[in-house]
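Here the structure comes first, spelled out in structure tokens, and everything after it is commentary.
Only the coordinates and a few stated rules stand behind these numbers; no lab work does. Everything numeric in this text was worked out from a predicted model, so none of it was measured. We place every Cβ from the backbone using ideal geometry, glycine too, and count neighbours over all the protein chains shown.
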Amino acid sequence: MGSWDFYCACCGGGFKLWSALPPAEEWARIRKLLEEGSKQEVPRKKDENEEDGEEEEEDEAEDDDEGWLDCSICSHESTDWMKHLRLLGHNPHGKVGRGVFLTGLGYAQDYGSTEVEPGNHPNVLTADGPDVQTYYSAWDGKLQLSVYVNVLSTGDELIDFPLPFHDQCLQMIRRVISGKPDGEISIDTLYDAMGTARGGLGTERDPRPYNNSSLFLNYYQFAGAAREQYWGADRGYEPWYNDPIDIPAISKFLKNLPRAAPPREVKASDPAKDPFAKMPLELLVEIIMQLPQESLLPFFLSSRAARLASQSQWVWKKRILVDMPWMWELDEKKDYPEEVDWHAVYAKLDRLSFPEEWEGLKVSSGYALVFFDTGIILYGD
């Protein structure tokens, strides 16, 4: 079988794109083409000892290589975030609470292992801890830990190895749940919630299918990849590999928002025929915020009072933050013109969250959709 890759517990993505982007020399050539806006190939400097036939064969081989990602959408810089991980685990000898810990930054290694900085959490495993060399090792101040795999120790104790997360994924979870860039969350709750989707050993005590590379969650666009032995980046999925936090296109998008047309006149509802007409506006808006997305249109069609409420642009701005909480830049910006069509903004951002509609922003909002539909909802449950 050889080695294997493992995947982020939250988004289902891998931790490296080593062979998916061109090497530095080729990348410089491609970047030059992109900057010049040219489709023509930059002539490659011919080696003095190279025969003409050899050059043609190499050029044909390069043309036939379709393994590289589209460099007009992602780059080494925009995908560098994927290699940085943290581990969320449990230390039975922890000093605080239930023993859950979060490590410092680290990197993925072969055979489902990692090398991470211990960090400063009081429960983190230590180089001289009671389980060192039994379930993990330490070298040069760093911890070497496997992930996901359940190991039976002596007796009936079942050992769960830590869960790996992209550092950016954890930052986004913190931001959305706490409402602050560096806000705190309950790592105990997060560990318990995500841990329920672990793979097992296939025993009577743990009948779940064995899986040592990801959780058993629906990772949407990454659902198939998260079950593969090796992480392979595919052309056509470039926006999913871009940094989900550092998105320059969002700032540009927010500076050019569509303007709203004057609202159409809609007659007020008859309270005898529309029970929602009797409700205070604040309560009606709260219903609109709580309904699942697929229920909004039927609700507006069934209630004139709801349709009237939906004409408020403020309602749609608030709904964006409900359905797309990763768009916190929208809430941070305060100097919007009054005539912004937030309904149109909502529709476009929602459409751009799916792979069929990547043209335009070309941001990783779709990537955010993947892990918010897994991690955040699971955490909320």
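What pairs from K16/K142; K278/K333; K255/K278; K180/K252; K32/K333 go past 28 Å between their alpha carbons?
Among K16/K142; K278/K333; K255/K278; K180/K252; K32/K333, the Cα-Cα distance tops 28 Å for K278/K333; K255/K278; K32/K333.
Given the peptides 290-297, 77-84, 125-132, arrange them by the average over their residues of other C-beta atoms within 10 Å, most packed first.
Working: 290-297: 10.8, 77-84: 16.6, 125-132: 14.1.
Those peptides, ordered most packed to least, come out 77-84, 125-132, 290-297.
Kindly state, to the nearest 0.05, the FRET efficiency for S3 paired with D331, given R0 = 25 Å and r defined as their beta-carbon distance.
Numbers: r = 43 Å, r/R0 = 1.72.
E(calc), rounded to 0.05, equals 0.05.
Using packing as a proxy for protection, rank 5-17, 178-190, 224-236 so that the peptide with the highest average count of other Cβ atoms within 10 Å comes first.
Top of the packing list down: 5-17, 224-236, 178-190.
Å³ per residue of the Cα convex hull, for segment 78-241?
Numbers: hull volume 22.4 nm³, N = 164.
Each residue corresponds to 136 Å³ of Cα convex hull volume.
Label-point separation (nm) for S178 and D140, each offset 7 Å from Cα along Cα-to-Cβ?
3.1
Multiplying the sequence separation of E35 and H84 by 0.36 nm and subtracting their Cα-Cα distance, what value in nm do you get?
Numbers: separation 49, 0.36 × 49 = 17.64 nm, distance 2.89 nm.
Taking E35 through H84 to full extension adds about 14.8 nm, to one decimal.
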